[in-house]
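Read through the structure below, which is laid out as structure tokens, and then see the notes.
Every read-out reported here was derived from the displayed coordinates using simple, explicitly stated rules and does not represent laboratory data. Predicted model only: the values in this text are computed from it and were never measured. Cβ atoms come from the backbone with ideal geometry, glycine included; neighbour counts cover every protein chain shown.
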Amino acid sequence: MRIYIVEDSRLARQELRTLLAAIPDADIVGEAAELAQAREGIEALLPELLLLDVELPGATGFELLDQLHHLPLVIFTTAYDQHALAAFERNALDYLLKPIDPQRLEAALLRARERLQAQRHGATAAPGATGTGPGCKGADDMVFLRDGERCWFVRLGDVAGFEACGNYVQAWFEGQHPLLQRTLSALEERLDPQLFFRASRSHLINLRWVQSIQPWHNEGYRVTLRDGHEVEVSRRQAKQLRERLEL
Amino acid sequence: MHPGRRALIQLLLWSFYVLLSLGMIANYQALSGTLVAVMVAVGAALWAASEALRAWALRGGWLDLPPRALLLRLALAPPLMAVVAQLLVYSFNRLGLALGLLHFAANAPYGLGVLLGYTANTAILLWLWLLAWAGGQWLQRWRQGEIAKWQAEAAARALELQVLRAQINPHFLFNALNNLRALINEDPARAREMLSRLSNTLRHTLQHSAKERVPLAEELVVVRDYVALEQLHHEDRLQVRWDIDPATEGASLPPMILQLLVENAIKHGIARTVGGGVLEIVLRRQGARLQIEVSNPGVWVEGGAQSSTGLGLPHLRERLKRAGGEGADCRIAAADGRVRVTVELTA
């Protein structure tokens, strides 16, 4: 398991190294004390697992996750910050309290290992499903979504679509509608075009979530998604959608 | 109680009374349409009278009155209402007779004595009703009072805990313990020293001096222990420059004032600045005035940051007002990316 450590205190990093030394497949590929350094290190080394301190100098661990293109699995470490961790609507990840209990660490790594294996399995079972290019995210990739104080880790394949709302983008998944501080175009560039289709100027839809397509006025379409959202597709985009689906 | 539910209970209660009365009458005379109609009228009059009593009691706030006034009202209101109710029934009877709808048997009892007997009967019923209602109200009030008491107690306990937690700063404590774990392997001798310093800091916080004033030298020991532990965490990111005027020797100050300033400087300044910086602690004395100046890299945010407990500065000002002596003062200045807090007080 390729692990990257982000901790502001050198001794805390040393402590993690000591604890991880007892775990045979834990391979520490790098470490950082601050956000910028961590971002560069993670993008360059592409670790599988991130041990992330919630409190970083001048920033929080969540801000780091916001800025990452490559999002590894994340285990948070914190001295005392139940508030930040309560921010998770869906606790799709683990957290460790400092001083870290070796058994808790081992259990967290076990879970991470299982998740990674499931991901690898998914990737080989459906080749091409994990994206077409570097930095391009596919259905099985996890994304970190943040709306103010609330955070979610979501499998991209579970997101039905995105809708532009001014300078924000609203994501649709599992009945949640967080507003993300991104533009739809910036988002589109990062997503697998085989999976997400730009249905109109303000909509990006997950093609696997399409339930029905009806002819609509002006030779366009009206697409109904499985979660009930309805999106109108313009004539120009309708042609593209036809081509995409006929393949 | 919900109005619909109250109406239902009233309906059941008075219907039961009417049926019971009719049943008893049926024992010694045959029921006639007139008897049933009159008994229903009596039931309706009792219902109306009891509702009127309730409205009267609520509007007059009877339950909040002193015992004597309350008893007087509980004693006199039902007979008064009973008279009104009997007058209603009497009018109903007269009207029925006049219209030829009611036909009383020739031997039916009548007269003032009979009317008084009926009124007394009604009054007793209304007394019972009013007592039951008031009892229910008292029970409900008592329950609500109990709940409010528990809630107040819980809130007070939560606040107490919050104050205690703010003093101990769990963040600092657990980070220090975590760092110590690593230091035990790296440098056991230093780890032992740091453990002693942590003990001193904790003991000091828990004993939380109730004294108005402590010698500056004593406060400095506490601050030096604390700073050493923070340096263990921040290492090169926390550089400390002490500048202590020898004239301050022998000065005293309210406990934990300097500690609070240093804690804030590290928490809001050093810890939030990429690369850290210099924490400067300057102590000066001019005559009877002691000047404490703590500065750190950072920017001053009016109203404090989100993560701040907000207890720091107001608490400090309060303490200064109480034990800082004449003209004690706390000033905050921000310039060139540094925040400087200056406290002046009587030494």
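Observations
- Taking B:Cys330, A:Cys165, A:Cys151 and counting other C-beta atoms within 10 Å, the order from fewest to most: A:Cys165, B:Cys330, A:Cys151
- Candidate lysines - alpha carbon under 20 Å from B:Lys267, same-chain residues fewer than 8 apart omitted: A:Lys98
- Compared with the dominant principal axis of the Cα atoms in chain A, helix A:235-246 is inclined by about 70°.
- Shape summary of chain B, radius of gyration then Dmax from alpha carbon positions: 40.0, 118 Å.
- Backbone N under 18 Å from the B:Arg224 label point (7 Å along Cα→Cβ), restricted to the stretch B:235-256: B:239-253, B:256
- Rounded to two decimals, the Cα-based Rg/Rh of the protein assembly as shown, with Kirkwood Rh, is 1.23.
- Simple point charges give the picture: +1 on the Cβ of Lys and Arg, -1 on the Cβ of Asp and Glu, and for the protein assembly as shown a dipole about the Cα centre of about 2400 debye.
- FRET E, pair A:Leu68, B:Ile184, Förster distance 30 Å, beta-carbon r, rounded to 0.05: 0.35
- Length gained on full extension, A:Gln37 to A:Arg17: 5.4 nm, using 0.36 nm per residue less the C-alpha separation.
- Distance histogram for the stretch B:1-85 (every C-alpha pair counted, 5 angstrom bins, percent rounded to whole numbers): 3, 13, 18, 18, 17, 14, 9, 5, 3, 1
- Seen from B:Asn296, the other residues with C-beta closer than 13 Å to its C-beta sum to a net charge of +1, counting Lys and Arg as +1 and Asp and Glu as -1.
- Scattering curve values for the stretch B:62-191, log₁₀ I(q)/I(0), Debye with Cα scatterers, q = 0.18 Å⁻¹: -1.05
- Burial ordering of A:Asp25, A:Asp147, fewest other beta-carbon atoms within 10 Å first: A:Asp25, A:Asp147
- Taking Lys and Arg as +1 and Asp and Glu as -1, the other residues whose beta-carbon sits under 11 Å from that of B:Thr273 total +2.
- Here the extension length gained between B:Leu22 and B:Ala333 equals 103.0 nm, from 0.36 nm per residue of separation less the Cα-Cα distance.
- Listed from fewest to most Cβ neighbours within 10 Å, the set B:Tyr226, B:Tyr90 follows the order B:Tyr90, B:Tyr226.
- 19 Å cut-off, amide nitrogen to a point 7 angstrom out along B:Val84 Cα→Cβ, residues in the stretch B:1-30: B:7, B:10-11, B:14
- Dmax and Rg, reported as Rg then Dmax, of the stretch A:135-247 (C-alpha, Å): 13.6, 43
- Between B:Ala75 and B:Ala55, the FRET efficiency estimated from the beta carbon spacing at R0 = 25 angstrom works out to 0.85.
- FRET E, pair A:Asn167, A:Arg244, Förster distance 22 Å, beta-carbon r, rounded to 0.05: 0.20
- Under the membrane-span-like helix rule (DSSP H runs whose alpha carbons stretch at least 30 Å along the helix axis, mean Kyte-Doolittle hydropathy 1.0 or higher), chain B yields B:3-26, B:33-59, B:67-98.
- In order along the stretch A:160-175, phi translates into HN-Hα couplings of 6, x, 10, 10, 6, 9, x, 8, 10, 10, 9, 9, 10, 7, 6, x Hz, rounded to whole numbers, per the Karplus curve 6.51 cos²θ - 1.76 cosθ + 1.60 with θ = phi - 60° and x for Gly and Pro.
- Reach of B:Lys211 by Cα under 22 Å, taken over lysines that are not fewer than 8 positions away in the same chain: B:Lys321
- Helix-only CD estimate at 222 nm, as mean residue ellipticity for chain B, using -39500 (n - 2.57) per DSSP H run (n ≥ 4): -22000 deg cm²/dmol
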